[in-house]
Amino acid sequence: MQIQAHEVDLPTPTGLMRCTVYRPKSTGAAAPKQYPALVLYSEIFQQTGPIRRSAQTMAGHGFITIVPEVFHELNPIGTVLGYDDAGRDKGNADKVAKTLEAHDSDTQAIIDYARTLPDCSGRIGAMGFCLGGGLAYRAALNPAIAATSCFYATDIHSGMVPSQPGNDSLGRSGEIRGELQMVWGKQDPHIPPEGRAAVYQKLTEQAVNFTWHEFNGVHAFMRDEGERYDAELALLGYQLAINMFRRVLG
């Protein structure tokens, strides 16, 4: 399946948000086919090469995939941070400078935009990596999100992304109504066993519809740059996500 991409700047309560939209390319004279949409949340580095390729992979499997600049309020439009100490420090600073409430309004703006696309079926899911895994989990609280895949989601157990009292993602887990997929690396120091256990316990207590997948992998094993990449695990991860999204979103 061929894909195409374009950028769109969406108004949000906290400023203009640049998004890149990857979508299946319609061919022939017939009316364009409709596809479900995914909101794909990046790591703290925003839309790097690995995130772009992840979005292209999902679009190539039949999903309109929308990648927002998660820290649009805190950086010039188009900012991409490097996978180095400077980029990590800036991204981690941005992470604690933006509230979950601001991420919530970003998510709603993307949902509203996706529903205007003529080739969108109206069915919407969320997916993310690292910080983006935590943001996808947060997006699952939105009733419009019917399926969510979270890869090594940081900050859910720790509450490092600030929010109003009583509005943390873990505490609100019982509001998730769609299907949830959690994918972890067992050798990931950012989400230790006790952190994963806290998330598992909460999801179980709240009777959330979820699946749980732990692999012998380190943090960021899906990122196809650098020494952490595990190609075999990445393929398994994409298969898990694609299979769930096709089954739930159509």
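The values are calculated or read from the model by the stated rules, or taken from the named source; none is laboratory data. Note that the structure is a prediction, hence the values are computed from the model and not measured. Because the Cβ atoms are built from the backbone with ideal geometry, glycine has one as well, and the counts that use them run over all protein chains shown.
Computed quantities for the displayed model
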{"item": "Close pairs from region 222-236: first within 18 Å of L131 (Cα to Cα) and free of Cβ contacts under 8 Å to residues at least 24 places away in the same chain, partner of a type in the set (K, R) and buried (at least 16 other Cβ atoms within 10 Å of the Cβ), Cβ under 6 Å, at least 6 apart", "result": "Y229/R223"}
{"item": "Scope region 101-120; condition part of a helix (DSSP H, G or I) and touching a helix residue (DSSP H, G or I) at 6+ places or on another chain (Cβ under 6 Å); matching residues", "result": "H103, T107"}
{"item": "Odd one out for E175 among (1) exposed (fewer than 15 other Cβ atoms within 10 Å of the Cβ); (2) farther than 30 Å from Q34 by Cα; (3) charged (D, E, K, R)", "result": "(2)"}
{"item": "Residues within region 192-212 that are more than 21 Å from the chain's Cα centre (by Cα) and not hydrophobic (A, V, I, L, M, F, W, C), tallied", "result": "6"}
{"item": "Residue count, region 75-100 (criterion: in contact (Cβ under 8 Å) with a residue 40 or more places away in the chain, exposed (fewer than 13 other Cβ atoms within 10 Å of the Cβ) and not in a loop (DSSP other than H, G, I, E, B))", "result": "1"}
{"item": "Subset tally (residues that are more than 18 Å from E43 (Cβ to Cβ) and not aromatic (F, W, Y)) for region 211-239", "result": "9"}
{"item": "So Q108, is it within 16 Å of the chain's Cα centre (by Cα), surrounded by 20 or more Cβ atoms within 10 Å (Cβ to Cβ) and not hydrophobic (A, V, I, L, M, F, W, C)", "result": "no"}
{"item": "Residues of region 3-38 that turn out to be part of a loop (DSSP other than H, G, I, E, B) and modelled with pLDDT of 95 or more, as a count", "result": "3"}
{"item": "All positions within region 39-50 that are closer than 19 Å to D85 by Cα and either among the aromatic types (F, W, Y) or part of a helix (DSSP H, G or I) (or both)", "result": "F45, G49, P50"}
{"item": "Any hit, region 179-188, residues being outside any loop (DSSP other than H, G, I, E, B), in contact (Cβ under 8 Å) with a residue 24 or more places away in the chain, over 18 Å from Y137 (Cα atoms) and of a type outside the set (S, T, Y)", "result": "no"}
